[in-house]
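Data first, discussion second: the structure below is written as structure tokens.
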Amino acid sequence: MDLQELILSLSRFWSEHGCVVQQPYDIEVGAGTMHPETFLRVLGPEPYRVAYVQPSRRPADARFGENPFRFGKHLQMQVILKPSPADVQELYLASLAALGIDPSVHDVRFEEDNWESPTLGAWGVGWQVLLDGMEITQFTYFQQAGGIDLKPISAELTYGLERIAMFLQRKDNGFEMRWGGGLDYGKIRHQDEVELSRYAFDVADVTMLRRHFEDWEREAGRCLEQDEPLVIPGLEAALKMSHLFNLMDARGAVAVTERVALIGRVRKIAVRCAKAYLEQRERLGFPLGLGNGNSKLNGKHNGGSKTAGKGAER
Amino acid sequence: MSKAEFLLELLCEEIPANALPGVREQLRTGFEAELLEAGLVGAAVAAYSTVRRLIVQVAELPATQPDREEEVTGPPVKAAYTADGSPTPAAVGFAKGQGVAVDSLRVVKGPKGDVVAATKQLPGRPVPEVLAEVSSRVVRALHFPKTMRWGKGEHSFVRPVHNVLALFGVRTFTTRVPVELLGISASSGTFGHRIVAPERIELLGSEGFGAYRAQLLKAGVEIGAAERRAILERKARALAVEVGCEVRPDPALLAELVELVEHPGVLRGAIAERFLQLPEEVLITTLRHHQKCLVLTREGHVAPYFLAVCDRPDDPDALIQRGNEWVAGARLTDAAFFFAQDRKAPLASRSASLAKMLFHQKLGTFALKAEKVGRLAETIAATAGAKIDPKLLARACELAKADLVTAMVGEFPELQGVVGGIYARLDGEDEAVWQAVYDQYTPAGLDGALPRGLVGAAVGVADRLDTLAGLFAAGEILPSGSKDPFALRRAALAVARICAEAPLACDLTAVARDAFAMRTDGAGDETRLAALLDFLQERVRYYLTTVAAVKPETADAVISAHWGVMPQDVARARALEAVHSEEVFSSLAVAFKRVRNMVGKSGEGRFDVALLKEKAERELLAAVEKAEKEVQRAVGHADYVGGLRSLAKLAAPLDRFFTDVLVICEDEDLRAARLALLARVEKVFLRLADVSRLSAQ
């Protein structure tokens, strides 16, 4: 199964299970969690189900396209199920079956792996899911976001798409993995990796980055100080700050003593956004409902582990 | 009457491995205590678990709860009866409230005086009802390292719970126990292994716990941790033997693997020969750390295989083996990439980057640490009474932390030190230097071997003492109870152990003072320094009583005299342990206690020998002078037994002195002289041991 079939299959599967299929956020982010469709939607009582691919940038993980497993930008398939349904593990296993991975002939394990984002004031409890020893998904029950205790609790599934595609294709070099359209990942992305690495490690103008960090911090403040706070523009400013910080960090421009303080400045904005969002939704009367007996978002689900074609990935 | 049995199972989503052993223990002790409290005496409780289940079996239960009596205390006697002994309204009201006759009230002692008490009859209730309450209480009281909420967020537990099974019966489970746990009403069935046999298993009418266990085993679940371990070990050994290898012993990993599965399958995977060129430590850590694989060895070297554990008994299409092989290959390729990348520049060239790496918020960077450790190591080497080449020592300190900025340690933090050591070796550093870098974090407390050479020993002691002194100076959260976030107890114990066994005869109290001064520019808080010294002393005592295995009172006697030069402290303790059962030490302990009490009350005494005229005084003086010479010589030859025997000769003169001489006499000068004589006795004793700490038999 090539990368794009993987994306299509997962999108279709989660679409069939009541998810809004969203698009990647059009701002650089470090993880799908930062997309407002996760960070904001998990707040408050309104039920929600969403799935989307998010290109995630980790400038410090970039390796000039020389390491077959490390990318400065990679793809995550992010799924949010709010509230977490009782059969969320079974649903997840069924999503694997939709990829042709028949759990009945594999070893699927859920090993403790908790998640925390100091930048977002968020943490959760969960597992990394191992398929035959390969880490393919981060599975988290969100407990807090933007410093706010969550109720109901959302389940977050984050599929590492390159890893899964490499595993399914048995490729030990990510750049040789088939993307689709007859092309492999390297032909499409290798040059980006080289250039993004060069930029992050050698070229980025630290003075400019720092100036913009502060600019966006002020801008976020202005957005949130409006009579009716501008939540999305405020959060977007925080996301830009977060990416600018990551670039400065990769460039080696963040002094050790400064690190915690800079992250704290981003978190402060994120926390204000979370609070403003909740107030806004309350003012609007929680348009998506309070989740009492709400069934319209709980789509059908079928296709258990036993229905998938055996060993279809071969 | 036949005995009944109870079974409780909570089926959960995957529970973290590190929580399970503790939870089994809590379940067992919790049920034992609650059942006893409920009067269900003689019940036998056992707790089991898998990665998805918490299970309690209670056997030998009485089928009915015996009637019990409960004593309830009421008002004070004074308020309960009038002067003529008739009950007051308070007493009548109390009796009524408890449902007993007022003339059945008794008088008992309360914490604030006598009170009246009612003895209530509690008729036995149906045991399933009692078990429901007990289960609910025990489960509510369970403590986990971390809890979570899920779904609507109404319940909090280690992981979401999906099914509760609670059955009771005599020989056959005939009754569903009516309990609700975490919002789930108990049912009479459970489910098998998620992949192997996910179907529901009905257990009402089944023949007790044995039947439950057998049914689950058939459904791919082994509930016993010990049984899972045995299966795992047996399978692992067989797979190793097939390829002429042995399983590299790894008890910590094995203990974890046992908790990660419902049924342990083991499979053997192969790794490409080319990976065997990686340093073995890297190979082993890659397989262990990322893949939780057991490593196979052949003639002591890593063989091109690994064993992976999976949560099912079989691998029907060999997909699991191939998957694990692919992942292991990927991880090793990754490690090989890091290795190649790190090897592009010598280790020494990385030291500069340590200026950007924070050791601790209040204590600055690793570059700063490296500098302080270097200076401290120099002091240690100069006073250790051992030959340590200062150039090699300085080089080792310079390189020690450089591996923290390598890609390999970034990926495998637990290989810190080891990676630096390997790289230093490949860079052609002196053997003493690379071994010192390699060994700097060992031993971890009492576990593990010592650094291979004295350079490594000195680096290890200096590094840890700097950490300890720094954190104490900074007023960091210090170890208390089970909390020790910086593993300071282990660090201090390792210091004691390295000094004792390497050996390094430096004075730990002096080095610790130096380390503290270096971290505070000599302006540190004295109470924090005192806390640091107390903390070290406590670990030295622990070392003496566990590793040197002397009695606590022996350790106290040695430390109370003076402490810090570990090889001598150990030798003094062993010597004292060897001689102190001799009868003379018993009377010596008593006499020396008197000496210490008296000297403790006096100030600095002048000592006019001419004033001491009485025979007992002259005798004691002569004996002390002799003992001083002998002890001096004995200490010089590290002959502590000899020294102690010399002290023993003071027993008789001391006894006579205390019998014949009144120390606290009227004549002030004479009193001072006598106290000063005793101070001299004290001093010579304290060169070896404070024998007043020994118990007198």
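The values are calculated or read from the model by the stated rules, or taken from the named source; none is laboratory data. Since the model is a prediction, treat every value here as computed from it, not as a measurement. A quick note on method: Cβ atoms are made from the backbone with ideal geometry, for glycine too, and the neighbour counts reach across all protein chains shown.
State yes or no: is B:S86 hydroxyl-bearing (S, T, Y) and closer than 30 Å to B:E180 by Cβ?
It is false that B:S86 is hydroxyl-bearing (S, T, Y) and closer than 30 Å to B:E180 by Cβ.
Scanning segment B:1-51 for residues that are within 14 Å of another protein chain (Cβ to nearest Cβ) and under 21 Å from B:S188 (Cβ atoms), which turns out surrounded by the most Cβ atoms within 10 Å (Cβ to Cβ)?
Only one residue fits best here, namely B:T50.
For segment B:402-478, which helices (runs of 4 or more DSSP H) that fit wholly inside it have 1 or more residues that are within 25 Å of B:A340 (Cβ to Cβ) and without any contact (Cβ under 8 Å) to a residue 24 or more places away in the chain?
Answer list for segment B:402-478: B:407-411, B:418-426, B:431-439.
Just to confirm my filter: which helices (runs of 4 or more DSSP H) fall fully inside segment A:1-98 and include at least 3 residues that are within 13 Å of another protein chain (Cβ to nearest Cβ)? Give the derivation first.
On the way: elements: A:3-16, A:36-39, A:88-98.
Fully inside segment A:1-98 and qualifying: A:88-98.
I'd like the residue in segment B:233-269 that is within 14 Å of chain A (Cβ to nearest Cβ) and surrounded by fewer than 19 Cβ atoms within 10 Å (Cβ to Cβ) and, out of all such residues, is nearest to B:V221 (Cα to Cα).
It comes out as B:E256.
Check whether at least one residue in segment A:113-129 is at pLDDT 95 or above, assigned to a strand (DSSP E or B), surrounded by fewer than 21 Cβ atoms within 10 Å (Cβ to Cβ) and within 14 Å of chain B (Cβ to nearest Cβ), and report yes or no.
So far as segment A:113-129 goes, yes, one or more of its residues are at pLDDT 95 or above, assigned to a strand (DSSP E or B), surrounded by fewer than 21 Cβ atoms within 10 Å (Cβ to Cβ) and within 14 Å of chain B (Cβ to nearest Cβ).
For the structure I just gave you, tell me whether B:E666 is at pLDDT below 95, in a loop (DSSP other than H, G, I, E, B) and not basic (K, R).
yes
Could you tell me which numbered condition A:G160 fails, if it satisfies all but one of (1) more than 23 Å from B:C293 (Cβ to Cβ); (2) among the small types (G, A, S); (3) within 18 Å of the chain's Cα centre (by Cα)?
(1)
Which one of the conditions (1) in a strand (DSSP E or B); (2) modelled with pLDDT under 95 does B:V164 fail to meet, given that it meets all the rest?
Failed condition: (2).
Go through B:K356, B:K362, B:K369, B:K387 for me and flag whichever is at pLDDT below 95, within 29 Å of B:D334 (Cβ to Cβ), of a type in the set (K, R) and assigned by TED's automatic domain parsing to the domain that holds B:V540.
Within the list B:K356, B:K362, B:K369, B:K387, the selection yields B:K356.
From the list B:L662, B:L647, pick out the single residue that is under 20 Å from B:A575 (Cβ atoms) and assigned by TED's automatic domain parsing to the domain that holds B:A689.
On inspection, the qualifying residue turns out to be B:L647.
Got a sec? Which of B:A557, B:A548 is within 35 Å of the chain's Cα centre (by Cα) and within 18 Å of B:A648 (Cβ to Cβ)?
The unique qualifying residue is B:A557.
Scan B:R171, B:R140, B:R200 and give me the residue that is at positive phi and charged (D, E, K, R).
B:R171
If a residue must be more than 12 Å from every other protein chain (Cβ to nearest Cβ), under 17 Å from A:E217 (Cα atoms) and aliphatic (A, V, I, L, M), how many such residues does segment A:246-265 contain?
Residues that pass the stated criteria total 4.
So which residues in segment A:7-28 are among the aliphatic types (A, V, I, L, M) and touching a Leu at 6+ places or on another chain (Cβ under 6 Å), if there are any at all?
A:I27
Residue-by-condition table, conditions (1) in contact (Cβ under 8 Å) with a residue 60 or more places away in the chain; (2) not aromatic (F, W, Y):
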| site | (1), (2) |
| --- | --- |
| A:D26 | no, yes |
| A:H35 | no, yes |
| A:E46 | yes, yes |
| A:V50 | no, yes |
| A:F71 | yes, no |
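Could you pull out the residue among B:R140, B:R171 that is assigned to a helix (DSSP H, G or I) and away from chain A (no Cβ under 14 Å)? I'd like the intermediate steps shown before the answer.
Details: B:R171 fails: assigned to a helix (DSSP H, G or I).
Residue meeting the stated conditions: B:R140.
So A:E176 passes all but one of these: (1) assigned by TED's automatic domain parsing to the domain that holds A:L75; (2) buried (at least 19 other Cβ atoms within 10 Å of the Cβ). Which condition number does it fail?
Unmet condition: (2).
So which of B:A555, B:A578 is more than 29 Å from B:R671 (Cβ to Cβ), without any contact (Cβ under 8 Å) to a residue 24 or more places away in the chain and among the aliphatic types (A, V, I, L, M)? It would help to see each step written out before you state the result.
Numbers: B:A578 fails: without any contact (Cβ under 8 Å) to a residue 24 or more places away in the chain.
On inspection, the qualifying residue turns out to be B:A555.
Of all residues in segment B:332-356, count the ones that are under 36 Å from the mean Cα position of the chain (by Cα) and at the interface with chain A (Cβ under 8 Å from one of its Cβ atoms).
The qualifying residues number 2.
Of the conditions (1) within 14 Å of another protein chain (Cβ to nearest Cβ); (2) over 30 Å from A:F142 (Cα atoms), B:K120 satisfies every one except a single condition; which number is it?
(1)
Restricting attention to segment B:306-331, and to residues there that are more than 7 Å from every other protein chain (Cβ to nearest Cβ) and closer than 9 Å to B:G269 by Cβ, which single residue is surrounded by the most Cβ atoms within 10 Å (Cβ to Cβ)? Give the derivation first.
Start the filter on segment B:306-331 by keeping residues that are more than 7 Å from every other protein chain (Cβ to nearest Cβ), which leaves B:306-307, B:309, B:313-315, B:318, B:321-322, B:325, B:328, B:331.
With closer than 9 Å to B:G269 by Cβ added as a condition, the list becomes B:306-307, B:321-322, B:325, B:328.
Working: B:F306: 27, B:L307: 24, B:Q321: 19, B:R322: 16, B:E325: 23, B:A328: 25.
Going through the qualifying residues, I end up with B:F306.
Take the residues in segment A:156-193 that are basic (K, R) and in a helix (DSSP H, G or I); name whichever of them is farthest from A:L131 (Cα to Cα). Give the derivation first.
Here is the first cut: in segment A:156-193, the residues basic (K, R) are A:163, A:170-171, A:178, A:187, A:189.
Keeping just the survivors that are in a helix (DSSP H, G or I) gives A:163, A:187, A:189.
On the way: A:R163: 11, A:K187: 28, A:R189: 26 Å.
Among residues in segment A:156-193 that are basic (K, R) and in a helix (DSSP H, G or I), the one farthest from A:L131 (Cα to Cα) is A:K187.
What's the total number of residues in segment B:4-34 that are free of Cβ contacts under 8 Å to residues at least 60 places away in the same chain and in contact with a strand residue (DSSP E or B) (Cβ under 6 Å, 6 or more places away or on another chain)?
Adding up the residues that qualify gives 2.
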